[in-house]
Amino acid sequence: RNYSPKRLEGRLRRVLSEAHVKVNAKDWKSTSLAEKETKLKVLSGVIMHMKLRVPSRMLNNVHTVGDLLQELSEKPQSKDAGHPVAAFYAEKASELPSNMKFEPFVKGSRSIHARN
């Protein structure tokens with residue numbers, strides 16, 4: 001899923017509330033997730049309610065709610081990274097029509113034959 005920053009924050013606040021996490025009143029993003037049980041509840045909520053993947057590096061890198069927001073906001077690297085045509089499409093994405101996308105060729109994945 002692709003959440004806007006504002007919607008991501010709203011959903012994350014709801015997950016924190018449902019997990020009964022004591023949120024820092026002054027700055028909710030500085031709320032600690034250092035306690036293992038708390039982190040597990042919050043990340044489980046992210047998976048269940050927000051339908052977002054939680055990579056294992058997130059388990060180690062997240063210490064506060066702000067860290068979690070940062071990790072969830074980052075777009076994963078494209079599986080086509082490193083391919084010159086994919087790089088062209090990535091650079092020119094804003095200039096290209098929305099129906100254009102790069103699909104790498106995988107031998108045997110398409111059946112292109114002339115039929116009688």
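The values are calculated or read from the model by the stated rules, or taken from the named source; none is laboratory data. Note that the structure is a prediction, hence the values are computed from the model and not measured. So basically every Cβ, Gly included, is an ideal-geometry build from the backbone, and we count neighbours across all protein chains shown. Side chains are part of the model used for accessible areas, which takes the heavy atoms of the whole protein and leaves out ligands, DNA and RNA. Shrake-Rupley method; radii C 1.70, N 1.55, O 1.52, S 1.80 Å.
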| field | Hull shadow area, averaged, region 1-57 [alpha-carbon convex hull, nm²] | value | 4.1
| said: Nearest 500 deg cm²/dmol is fine: what mean residue ellipticity at 222 nm does the chain get from its DSSP H runs of n ≥ 4 alone, each adding -39,500 (n - 2.57), divided by its residue count? | reply: -13500 deg cm²/dmol
| remark: Residue span Tyr89 to Leu40: 0.36 nm per residue of separation minus Cα-Cα distance leaves a gain in nm of 13.9 nm
| Can you give the direction-averaged projected area of the convex hull of the alpha-carbon atoms in the chain, in nm²? | 11.3
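Could you grab the relative contact order for the chain? Cα pairs under 8 Å, six or more apart, rounded to a whole percent.
22
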| request: State the extension gain, in nm to one decimal, for the chain segment bounded by Ser73 and Lys22, taking 0.36 nm per residue of separation less the distance between their alpha-carbons. | output: 16.1 nm
| message | With angles folded into 0 to 90 degrees, how steeply does helix 36-50 sit against the dominant principal axis of the chain? Use alpha carbons for both and round to 10. | response | 40
| How far is helix 5-18 tilted off the main Cα axis of the chain, in degrees rounded to 10, range 0 to 90? | 50
| Which entries in the list Lys22/Lys51; Lys51/Lys92; Lys6/Lys51; Lys75/Lys101; Lys6/Lys75 go over 19 Å, if you measure between the two C-alpha atoms of each? | Lys22/Lys51; Lys51/Lys92
| field | Pairwise FRET efficiency - Tyr3 versus Glu103, Cβ, R0 = 22 Å, nearest 0.05 | value | 0.30
| Solvent exposure of region 28-98 as accessible area per residue, Å², 1.4 Å probe | 69
| query | Counting only residues 5 or more places away or on other chains, whose amide H sits under 5 Å from the amide H of Thr64 once H atoms are built in the peptide plane? | reply | Leu33
| message | Out of the total accessible area of the chain (probe 1.4 Å, heavy atoms of protein only), what percent is carbon and sulfur? | response | 51
